[in-house]
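Working notes, structure below.
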Amino acid sequence: MPLLELDDIHFGYPGHAPVLRGASLRLEPGQRLSITGANGSGKSTLLHLMVGLLRPVSGRVLAFGQERRQEADFHEVRRRAGLVFQDPDDQLFCPTVAEDVAFGPMNLGKNRAEALAIVDAVLDRLGLSHLRERVTYKLSGGEKRLVTLATVLAMEPEVLLLDEPTNALDEANAARLIAILQALPQAMVLVSHDAALRAQLAPRALRLSGGCLRDETP
Amino acid sequence: MGHVLTEGLHGPGRADGPLERLDPRARILGAAAFGVVTVACTHLAVLAAALALAFGLLLASGLPPGRALRRMAAMDGFILLLVLTLPFTTPGAAVFTLWGLPASREGLVLAAEILLTANAVVLALLALVGSLEPVTLGHALHRLRTPERLVHLMMFNIRYVEVLRGEYLRLRLAMRARGFRPATGWHSYRSFGYLLGMVLVRAVDRSERVLGAMKCRGFAGRIPLLHALAYGRRDAVFAVTLGAALLALCLAEAAHAAA
């Protein structure tokens, strides 16, 4: 059973030409896929469709063995598939790092003590414990990126959807992020222009062009 | 502008008086109680005592007095016009005349009353609440059962004002890089209009992305706040002391009213 499946998806933003015209994709358990494509070809759109932040005009979204149509269907998907946004500032909205990491677990019904235990465990695992009480808007770009990964991992997702994770990171921070991602057991969909990152993390590549996905594994 | 909100609290001018260690809720409640009592009082002597009490709070807060007083003076600027015109617009016994306009005793008293009340309340507010981290203030307000939406609005402001300011500054820089210099003329006005419009559009876009990111983490209309606050012995001492002082003000006011 594939974890995520997009079947013949058509999608366009209002007032614009269609972005996706029959895109299909399957992500099997443990698989790591990367998606490439020109700017504006709809790579981020694809990820947003997977977790129901956008709805396709036509086509089916299947996640964890079920077809998902309504907002309520996607609540479970969002818990089990963690989306890391392109801009960390979109994702970190709580005043402090600890609160931001605890936000997801508390939404899942964990109490304060359980949430704090998760915060400590996740930050410790990523080597970010020193940032625990820091104010999110005062973090550096690299720190913000690593903390957004922590906020998503705190929900213990089965799939990670990564949108340009190394964007605007310097070499040291990018290397650190790649090392962390490589050690994770989750299946992944990686959207990235960074060929070196794709080769290291998810060599199996799909190219998005003309609104369709084609296998382009080197 | 987040640095404007919090920098002063970490910089050299950081408050470190005995009030600093109180529970933030006690400080908010104290400021509210002080405000209510002061606004209810009308006698000049009582109001002067309230102002003295506010000064005491300022000293106890450990805030640099110079800065707090400057902020208070800024507030005075707003009511200056009112205070200056009141003696001439309130009917009553004339005390002196200026350019043929009689100033009434009642008007002078009223002006002094407003000036004392406003300054006492603002000073107490600065001393008790003004030295709180905005984030702490948000948490305390939430615990005091302030409507959740207002608290969230404040928290989002604290979080994103810096991001939006960054966007504004980057656009501004890009304008300068292409030789833009503010001047009086339609080109400048239009360019500033575009700049403002672009900042707004980006803010709306960002708010949608933030909401999307929050939904991805299971947001359903409530933001759980993590930190627990606990009242302690200090808060009890503060409550009793301030309560006694405020009660004294009330009694003095009542005694004056009876006399």
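Determine whether B:VAL39 is surrounded by fewer than 17 Cβ atoms within 10 Å (Cβ to Cβ) and either at pLDDT below 85 or part of a helix (DSSP H, G or I) (or both).
Yes; evaluated as a whole, the condition is true for this residue.
Taking the range A:28-55 only, how many residues are over 16 Å from A:ARG207 (Cβ atoms), within 14 Å of chain B (Cβ to nearest Cβ) and out of contact with any Pro (no Cβ under 7 Å at 6 or more places or on another chain)?
7
Can you tell me which residues in the range A:92-122 are touching a Leu at 6+ places or on another chain (Cβ under 7 Å) and more than 8 Å from every other protein chain (Cβ to nearest Cβ)?
Scanning the range A:92-122 gives A:VAL97, A:ASP100, A:VAL101, A:VAL122.
Criterion first (in contact (Cβ under 8 Å) with a residue 12 or more places away in the chain and within 14 Å of another protein chain (Cβ to nearest Cβ)) does B:GLU162 satisfy it?
Working: in contact (Cβ under 8 Å) with a residue 12 or more places away in the chain: yes; within 14 Å of another protein chain (Cβ to nearest Cβ): yes.
So B:GLU162 fits the description; yes.
Name the one entry in B:MET214, B:MET155 that is surrounded by 14 or more Cβ atoms within 10 Å (Cβ to Cβ), modelled with pLDDT under 85 and within 14 Å of another protein chain (Cβ to nearest Cβ).
The unique qualifying residue is B:MET155.
If you check A:VAL51 against the conditions, is it more than 26 Å from A:PRO157 (Cα to Cα), hydrophobic (A, V, I, L, M, F, W, C) and surrounded by 15 or more Cβ atoms within 10 Å (Cβ to Cβ)?
no
Output the number of residues of the range A:123-149 satisfying the condition of being more than 12 Å from chain B (Cβ to nearest Cβ) and either under 19 Å from A:GLU171 (Cβ atoms) or not basic (Lys, Arg) (or both).
The number of residues fulfilling the criteria is 15.
Which one is surrounded by the fewest Cβ atoms within 10 Å (Cβ to Cβ), of the residues in the range A:73-86 that are among the hydrophobic types (A, V, I, L, M, F, W, C) and within 7 Å of chain B (Cβ to nearest Cβ)?
Step by step, filter the range A:73-86, then rank; the result is A:PHE85.
Given (1) out of contact with any Asp or Glu (no Cβ under 7 Å at 6 or more places or on another chain); (2) in a loop (DSSP other than H, G, I, E, B); (3) within 30 Å of A:CYS94 (Cβ to Cβ); (4) more than 14 Å from every other protein chain (Cβ to nearest Cβ), where does B:PRO182 come up short, assuming only one miss?
Exception for B:PRO182: condition (3).
Pairs please, first residue from the range B:33-47 and under 14 Å from B:LEU110 (Cβ atoms), second anywhere and outside any helix (DSSP H, G or I), Cβ atoms under 9 Å, 6+ apart in sequence or on different chains.
Listed pairs, sorted by first residue: B:LEU47/B:CYS41.
Is there a residue being within 11 Å of chain B (Cβ to nearest Cβ), surrounded by 23 or more Cβ atoms within 10 Å (Cβ to Cβ), modelled with pLDDT under 90 and part of a helix (DSSP H, G or I) anywhere in the range A:63-72?
no
Quick check on this structure: which one of A:ASP170, A:ASP163, A:ASP120 is modelled with pLDDT under 90 and either of a type in the set (Asp, Glu) or closer than 29 Å to A:ALA63 by Cβ (or both)?
Only one candidate qualifies: A:ASP170.
Of the conditions (1) free of Cβ contacts under 8 Å to residues at least 24 places away in the same chain; (2) over 30 Å from B:ARG206 (Cβ atoms); (3) within 24 Å of the chain's Cα centre (by Cα), B:ALA94 clears all except one; give me its number.
(3)
Output the residues belonging to the range B:209-223 that are under 18 Å from A:THR148 (Cα atoms), part of a loop (DSSP other than H, G, I, E, B) and of a type outside the set (D, E, K, R). Steps first, please.
Keep residues of the range B:209-223 that are under 18 Å from A:THR148 (Cα atoms), which gives B:209-219, B:223.
Add one more test, that the residue is part of a loop (DSSP other than H, G, I, E, B), and what stays is B:217-219, B:223.
B:GLY218, B:PHE219, B:ILE223 - these are the residues of the range B:209-223 that are under 18 Å from A:THR148 (Cα atoms), part of a loop (DSSP other than H, G, I, E, B) and of a type outside the set (D, E, K, R).
Answer with yes or no whether B:LEU246 is touching a residue at least 60 places away in the same chain (Cβ under 8 Å) and either assigned by TED's automatic domain parsing to the domain that holds B:LEU153 or part of a helix (DSSP H, G or I) (or both).
Working: touching a residue at least 60 places away in the same chain (Cβ under 8 Å): yes; either assigned by TED's automatic domain parsing to the domain that holds B:LEU153 or part of a helix (DSSP H, G or I) (or both): yes.
Criteria met by B:LEU246.
Got at least one residue in the range B:24-42 being assigned by TED's automatic domain parsing to the domain that holds B:ASN119, over 15 Å from the mean Cα position of the chain (by Cα) and at positive phi?
There is no residue in the range B:24-42 that is assigned by TED's automatic domain parsing to the domain that holds B:ASN119, over 15 Å from the mean Cα position of the chain (by Cα) and at positive phi.
List the number of the failed condition for A:ASP89; all other conditions in (1) outside any loop (DSSP other than H, G, I, E, B); (2) charged (D, E, K, R); (3) away from chain B (no Cβ under 14 Å) hold.
(3)
Which ones in the range B:106-131 are surrounded by fewer than 21 Cβ atoms within 10 Å (Cβ to Cβ) and either not assigned by TED's automatic domain parsing to the domain that holds B:LEU22 or not in a helix (DSSP H, G or I) (or both)?
Result: B:VAL129, single match.
Considering the range A:117-139 alone, what residues qualify as being over 15 Å from A:CYS94 (Cα atoms) and in a helix (DSSP H, G or I)? So that I can check it myself, show each step before the final result.
Initial filter on the range A:117-139 (over 15 Å from A:CYS94 (Cα atoms)): A:117-118, A:120-130.
Result: A:ALA117, A:ILE118, A:ASP120, A:ALA121, A:VAL122, A:LEU123, A:ASP124, A:ARG125, A:SER129, A:HIS130.
The values are calculated or read from the model by the stated rules, or taken from the named source; none is laboratory data. Since the model is a prediction, treat every value here as computed from it, not as a measurement. Backbone-built Cβ (ideal geometry, glycine too); neighbour counts: all protein chains shown.
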